[in-house]
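The values are calculated or read from the model by the stated rules, or taken from the named source; none is laboratory data. Because the structure is predicted, anything quoted here is derived from the model rather than measured. Cβ: placed from backbone, ideal geometry, glycine included. Neighbour counts: every protein chain shown.
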Ligand code: G16
């Protein structure tokens, strides 16, 4: 099958963000736009003879077309085999699992994660390396540099592959294998958790509500929770993946997972609630009338890790992103294991996991996972909670309260201001940075500023340095406020304000985080001149 070399012009906006390239669907639909980025990925790596690529996406609008395009380009660029998810669908953690299981060279994940889908929504693409994890910054920088100079890409003229039917298909010299990614992933989960105990929990009348948000996890959740663990059919809602996620915003937080939140805070609420996002790597955990902050969830999983068979021998260490609360640090200290603080982005955990330095990783942005894959893993976190609940036979709320009584509470909240004009958001960050020199030692109510900086990170494994990772104001009592601009949005800017204060007093542990953080929230508004600069009087999303 002859390789076709197609002339193209470089695009200058293909810089990967926190997690790959995310743009409007209409941007990706421009002639050669997708092809250019894919060719930049292929040019940035060495493709040996017999190389396997894994390919799949979250099923959003444009997924199918993009898969067919990439298959033809993979054939032209010398891959021996592509493992593609049935119907072109693979969750992000399943893709990581499959890359590792079949020792692929890497994988391409098509997803804009929690961003809305549909013809007017977002699309995205990212490259994962042989360890199953997102490409490092060195690789994404190389992809971007190549994308700016690209003059041609390679493809073949081949008919589309029938993605519905499992099996092998020839595309020139290359073999396309349509795989059932659900089975491989479910088997991996079954090897880590006590499915017998969880099955017994459901059999005893324990009720769960899982919201797949019409995104990728529906088929996975049905296989694992209903078929393998015996949960009732009604326990999985919005289980059919739709190209536009049913018009919703597949972001599992208190704002966008409103249907689930209404059930969990309503009358006769189930014992346990959870949701996952567009591509299945995020998770939200809820109890009856109770929300578990993702930072606490990481700490709690760490403290209870040995209850799950896959982690019985203990955990080597924990890593968390800088804006994630220090709740996990307290557990690590108690366990006598290291805790690493990395920039935001799952790609920063890969080296630590590959080096065996950490077992668990987590982020405040509803991401938790372990070294079983190299991505965050929504259903894994839900299963970990189910395993803990089955072993401890307590409610979600009781388990969290016990944890805070033992370790103290890192009271935590994130305030997001979405869709800000770029100028206003950049103005806030510039103002803050300029104020740093005069802030140290200043008193705001009961808080005194101890240190201000722009977080930078030196990877302890490969020595690479990442700067400009978020503005931090640290107070003398260990409280802090962090400011970052999101790297995953596609329209305007999203300002994230992360607030954290430590409270050891058990009498206040039942209070709402917004109440406990009120003073820090006011300080953040004052320092950023938020209202006058953005015109906003309240955040878009509060976590
Ligand atoms: C991605 C990254 C995460 C990151 C999150 C938020 O998640 O994989 O590591 O924490 O974005 O990033 P930002 O604050 O820059 O928007 P996902 O689920 O979107 O792939």
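The single condition from (1) modelled with pLDDT of 95 or more; (2) within 18 Å of residue 278 (Cα to Cα); (3) in contact with a strand residue (DSSP E or B) (Cβ under 6 Å, 6 or more places away or on another chain) that residue 155 fails is (2). Among the residues making up segment 355-367, those that are within 15 Å of residue 343 (Cα to Cα) and more than 9 Å from the ligand (Cβ to nearest atom) are 361, 362. Taking the criterion of being within 18 Å of residue 46 (Cα to Cα) and part of a loop (DSSP other than H, G, I, E, B), the residues of segment 100-114 that qualify are 103, 104, 105. Residue 109 meets each of the listed conditions (1) within 16 Å of the ligand (Cβ to nearest atom); (2) farther than 26 Å from residue 141 by Cβ apart from (2). Residues that are at pLDDT 90 or above, under 26 Å from residue 433 (Cβ atoms) and surrounded by fewer than 18 Cβ atoms within 10 Å (Cβ to Cβ): does segment 504-517 have at least one? Checking segment 504-517: not a single residue is at pLDDT 90 or above, under 26 Å from residue 433 (Cβ atoms) and surrounded by fewer than 18 Cβ atoms within 10 Å (Cβ to Cβ).
I'd like the full set of residues that are surrounded by fewer than 18 Cβ atoms within 10 Å (Cβ to Cβ) and either in contact (Cβ under 8 Å) with a residue 12 or more places away in the chain or outside the structural domain of residue 100 (by TED's automatic domain parsing) (or both), limited to segment 65-85. Can you show your working first?
The first filter runs over segment 65-85 and keeps only residues surrounded by fewer than 18 Cβ atoms within 10 Å (Cβ to Cβ), leaving 65, 68-69, 78, 80.
Within segment 65-85, 68, 69, 78, 80 meet the criteria.
Going through 450, 501, 525, 493 one at a time, which residue ends up being buried (at least 17 other Cβ atoms within 10 Å of the Cβ), on the phi < 0 side of the Ramachandran plot and away from the ligand (no atom under 16 Å from the Cβ)?
On the way: 450 fails: buried (at least 17 other Cβ atoms within 10 Å of the Cβ); 525 fails: buried (at least 17 other Cβ atoms within 10 Å of the Cβ); 493 fails: away from the ligand (no atom under 16 Å from the Cβ).
Matching residue, one of 450, 501, 525, 493: 501.
Can you confirm whether residue 12 is within 16 Å of the ligand (Cβ to nearest atom) and either part of a loop (DSSP other than H, G, I, E, B) or surrounded by fewer than 18 Cβ atoms within 10 Å (Cβ to Cβ) (or both)? I'd like the intermediate steps shown before the answer.
Details: within 16 Å of the ligand (Cβ to nearest atom): no; either part of a loop (DSSP other than H, G, I, E, B) or surrounded by fewer than 18 Cβ atoms within 10 Å (Cβ to Cβ) (or both): yes.
So residue 12 does not fit the description; no.
Considering segment 453-484, the residues that are under 20 Å from residue 414 (Cα atoms) and surrounded by fewer than 19 Cβ atoms within 10 Å (Cβ to Cβ) include one that is nearest to the ligand (Cβ to nearest atom), namely 468. Considering (1) over 30 Å from residue 289 (Cβ atoms); (2) in contact with a strand residue (DSSP E or B) (Cβ under 8 Å, 6 or more places away or on another chain); (3) more than 16 Å from the ligand (Cβ to nearest atom), the lone condition that residue 185 does not fulfil carries the number (2). Looking only at residues of segment 116-131 that are under 20 Å from residue 275 (Cβ atoms) and surrounded by fewer than 24 Cβ atoms within 10 Å (Cβ to Cβ), we find that the one that is nearest to the ligand (Cβ to nearest atom) is 116.
When residue 428 is tested against (1) assigned to a helix (DSSP H, G or I); (2) buried (at least 20 other Cβ atoms within 10 Å of the Cβ); (3) away from the ligand (no atom under 15 Å from the Cβ); (4) in the same structural domain as residue 209 (by TED's automatic domain parsing), only condition (4) is not met.
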